[in-house]
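Worksheet: one structure, shown below.
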Amino acid sequence: MSLDWLASRGAPLRGRLRVPGDKSISHRAIMLAAIAEGTSRITGFLEGEDTRATARVFAQLGVRIEAPAPSERIVHGVGLHGLRAAAAPLDCGNAGTGMRLLAGMLAGQAFDSVLVGDESLSRRPMRRVTEPLARMGARIAAGDGGLPPLRITGGAPLTGIEYASPVASAQVKSAVLLAGLYADGDTAVAEPRPTRDYTERMLRAFGADVRFSPGAARVAGRPRLRATDVHVPADFSSAAFFLVAASIVPGSDLLIEGVGMNPRRTGLLDALRLMGADIEAHAEREEGGEPVADLRVRAAALRGIDVPLALVPDMIDEFPALFAAAACARGRTTVRGAEELRVKESDRIAAMSTALQALGINVQERDDGAVIEGGAPHAGDVDSHGDHRIAMATAVLAQRVDGDVRIRDVENVATSVPGFVDVAASVGCRIAAITPSA
């Protein structure tokens, strides 16, 4: 059943909260634990539809996964070559990360596999992954235009390659590196700009021979992976919406606990600080190989900026939140070099531009970004296009609106931040779930 939100100005955001676990790390923890030898315990696991879909896929592939408590998984690994053929297609749901990384891992198996997804995922391009995998020897057939489903023919011998990726994409890099686990020799990826290094860090934690630096990674083929325990930090992308909300709602003073601070993920934090945001990092520490901190954010008068190109790869999932901040900033914010937003769950440049315009904000859309004139958003009706980040960004912006903002088609928020409405309400936001007929 379809679901909408009705959002409007709430109270100043106050208190403390912890957002759900990091989605990117949760995906990778399940994947590598599944092909490691021994039993791994994952705590802080994101109980979202995307990550549960990945866990279900590995259950279909013969991996026993227990859930003794919420946000916890015990994975009984089967070793690098222990996966078994599934009796049915492997449904990735809405998880682009899941499908792209699975394509790399399954390319090296002895059996055939079919990867499918929901309507949204079935419109997302996969050629950027299947082309480098084909260079390694993989046999993968996609639908028209390189779209899912992906049909992977097993038994193809893989050979390591030196791949210069034309796009700065952690998903592309990760797919190639995971295929490299099954390849003869080393597999290396060079990127035009550095992207998040979650896969490299987790490969190292599980015992792979991996070397990496910003913009480059290399893994040796056919390692023996060892089970390890993984603690998943709070998801920075989920925290991003509350960082923006507390920045733009006067009187806010909010502490967000245990946030993952991987430097390849926190570009939005740097951008918000350039805009004048008052955000402090406290209790900085390391958990499970990842940097973590508690973030205190207080309301501040934001100003428009030209978002530095160097920050773009490190905030690619956070641009909807950045657009919401820009809508409330004084002056003009310019985004360039973000063409990757065109091929997310929706065309996020078009979807956010349309959403802001519906709320009275002047936006000039460009091929690789947008120019946003900060102003005073008003009530209106917004279509999220089934994109969880568009829905949450608009709900955040609505906290500055007198009157109601209706946000349509929000069911997919459960893919990344289950319980978002309740978490937001606990610190002062006003968001109500309604049926479209209401």
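The values are calculated or read from the model by the stated rules, or taken from the named source; none is laboratory data. This is a predicted model, so every value here is computed, not measured. Cβ atoms come from the backbone with ideal geometry, glycine included; neighbour counts cover every protein chain shown.
Mind listing just one residue for me: the one in region 257-274 that is surrounded by fewer than 24 Cβ atoms within 10 Å (Cβ to Cβ) and either among the aliphatic types (A, V, I, L, M) or assigned by TED's automatic domain parsing to the domain that holds L46 (or both) and, of those, modelled with the highest pLDDT?
If we take residues in region 257-274 being surrounded by fewer than 24 Cβ atoms within 10 Å (Cβ to Cβ) and either among the aliphatic types (A, V, I, L, M) or assigned by TED's automatic domain parsing to the domain that holds L46 (or both), then L274 is modelled with the highest pLDDT.
Here's the yes/no breakdown for (1) surrounded by fewer than 18 Cβ atoms within 10 Å (Cβ to Cβ); (2) part of a strand (DSSP E or B):
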position: Q109; (1), (2): no, no
position: D118; (1), (2): no, no
position: T130; (1), (2): no, no
position: G145; (1), (2): yes, no
position: P148; (1), (2): no, no
position: R151; (1), (2): yes, yes
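What about R151, is it touching a residue at least 12 places away in the same chain (Cβ under 8 Å) and under 30 Å from L268 (Cα atoms)?
Numbers: touching a residue at least 12 places away in the same chain (Cβ under 8 Å): yes; under 30 Å from L268 (Cα atoms): no.
Spelling it out, it is not the case that R151 is touching a residue at least 12 places away in the same chain (Cβ under 8 Å) and under 30 Å from L268 (Cα atoms).
Just checking, how many residues over region 104-124 are closer than 21 Å to S416 by Cβ and over 16 Å from the mean Cα position of the chain (by Cα)? Can you show your working first?
Of the residues in region 104-124, the ones closer than 21 Å to S416 by Cβ are 115-124.
Of the ones still in play, those that are also over 16 Å from the mean Cα position of the chain (by Cα) are 115-119, 122-123.
So the answer is 7.
How about region 277-303: which of its residues are under 21 Å from N362 (Cα atoms) and surrounded by fewer than 22 Cβ atoms within 10 Å (Cβ to Cβ)? Walk me through how you get there before you give the answer.
Within region 277-303, the first condition is being under 21 Å from N362 (Cα atoms), and the residues that meet it are 301-303.
Correct list: A301, R303.
How about region 327-367: which of its residues are farther than 17 Å from A379 by Cα and touching a residue at least 40 places away in the same chain (Cβ under 8 Å)?
Correct list: A329, R330, G331, R332, T333, E340, V343, K344, E345, S346, R348.
Among E162, E200, which is the only one that is free of Cβ contacts under 8 Å to residues at least 24 places away in the same chain and farther than 30 Å from A326 by Cβ?
Values: E162 fails: free of Cβ contacts under 8 Å to residues at least 24 places away in the same chain.
The unique qualifying residue is E200.
From T394, T334, which residue is under 30 Å from G260 (Cα atoms), surrounded by fewer than 23 Cβ atoms within 10 Å (Cβ to Cβ) and either at pLDDT 95 or above or out of contact with any helix residue (DSSP H, G or I) (no Cβ under 6 Å at 6 or more places or on another chain) (or both)?
Numbers: T394 fails: surrounded by fewer than 23 Cβ atoms within 10 Å (Cβ to Cβ).
None of the other options fit; the residue is T334.
Table: residues versus (1) out of contact with any His (no Cβ under 6 Å at 6 or more places or on another chain); (2) in a helix (DSSP H, G or I); (3) modelled with pLDDT under 95.
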{"site": "S2", "(1), (2), (3)": "yes, no, yes"}
{"site": "L46", "(1), (2), (3)": "yes, no, yes"}
{"site": "A55", "(1), (2), (3)": "yes, yes, no"}
{"site": "P68", "(1), (2), (3)": "yes, no, no"}
{"site": "L80", "(1), (2), (3)": "yes, no, no"}
{"site": "L83", "(1), (2), (3)": "yes, no, no"}
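Please give the number of the condition F241 fails out of (1) outside the structural domain of A376 (by TED's automatic domain parsing); (2) surrounded by 24 or more Cβ atoms within 10 Å (Cβ to Cβ).
Every condition holds for F241 apart from (1).
Quick one: which strands (runs of 3 or more DSSP E) lie wholly within region 221-328 and hold at least 2 residues that are small (G, A, S)? I'd like the intermediate steps shown before the answer.
Details: elements: 253-260, 278-287, 290-298.
Because the criterion is at least 2 residues that are small (G, A, S), the strands (runs of 3 or more DSSP E) in region 221-328 that meet it are 253-260, 278-287.
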